[in-house]
Amino acid sequence: MMEKEQEIKEVTQQLIPLLKNNNNGSINYQIEKLKQIEDIVKSNVDEGEKEKQINGVATDIFPPRGGLTDYHVWKNDPAERVAINKPIGELNDKLWSLIRK
C-alpha cells in the first residue's frame, strides 16, 4: 500500500467515529462516502484506478457548498465546541489535502 493510501486510511478511520459520535443526521451521506473511501483503499484495484475512484468520491464529500467542509458541531459551551470541532476540522483538512486533484 502506498504511503498516501495509508494516510487516507488512517484519517478516515479517525474521522468516521468522530462524525458518528456528533452526527445530528445531517452528514449520514458523507459518513457513507468516507466508508466507501476506506473500501476503495482496501481494494485490489491498481493505484491509478484507486486514485480515480477516491477523487470521484471526494467531490461528493467536499462539494463547493456544504459537505464536510461546512460541518460544525454546535455546543453551548465554547470549550466543548472547540474540543469537538478542532479535531474534526484538522482531519477534514488533512483528508482534503490528501485527495484533492
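The values are calculated or read from the model by the stated rules, or taken from the named source; none is laboratory data. What you are looking at is a predicted structure, and each value in this text was computed from that prediction instead of being measured. Cβ coordinates were reconstructed from backbone atoms using ideal geometry, including for glycine residues, and neighbour counts include every protein chain displayed. Accessible surface is based on the protein model in full, side chains and every heavy atom, while ligands, DNA and RNA are left aside. Shrake-Rupley method; radii C 1.70, N 1.55, O 1.52, S 1.80 Å.
Accessible area of the chain with a 1.4 Å probe: how many percent of it is carbon plus sulfur? Intermediate values should be presented prior to the final figure.
Working: 2980 of 6170 Å².
Carbon and sulfur: 48 percent of the exposed surface of the chain.
Would you mind counting up the charge near Ala83? Only other residues with Cβ under 14 Å from its Cβ, with Lys and Arg at +1 and Asp and Glu at -1. Please report the intermediate quantities before stating the final value.
Details: positive: Lys75, Arg81, Lys86; negative: Asp77, Glu80, Glu90.
Taking every Cβ under 14 Å from that of Ala83, the sum is 0.
Over all distinct Cα pairs, what is the inverse of the mean 1/r for the chain, reported as the Kirkwood hydrodynamic radius in Å?
Working: mean 1/r = 0.0716 Å⁻¹.
Value: 14.0 Å, from the Cα pair sum.
Specify the inter-centroid distance of the stretch 7-32 and the stretch 51-98, based on alpha-carbon positions, in whole Å.
About 9 Å separates the Cα centre of the stretch 7-32 from the one of the stretch 51-98.
222 nm [θ] for the chain, helices only, -39500 (n - 2.57) per DSSP H run of 4+, per residue, to 500? Let's see the in-between values first.
Working: 4 runs with 71 residues, N = 101.
Calculated at 222 nm, the ellipticity per residue is -23500 deg cm²/dmol.
Roll a 1.4 Å probe over the protein chains and send me the accessible area per residue for the chain in Å².
Numbers: 6170 Å² over 101 residues.
That works out to 61 Å² for each residue.
About the Cα centre, and with charges only on the beta carbon of Lys, Arg (+1) and Asp, Glu (-1), how big is the dipole of the chain? Nearest 20 debye, please. Kindly include the intermediate steps, with their values, before the conclusion.
Values: 15 positive and 17 negative charges, 61 e Å.
Value, rounded to 20: 300 debye.
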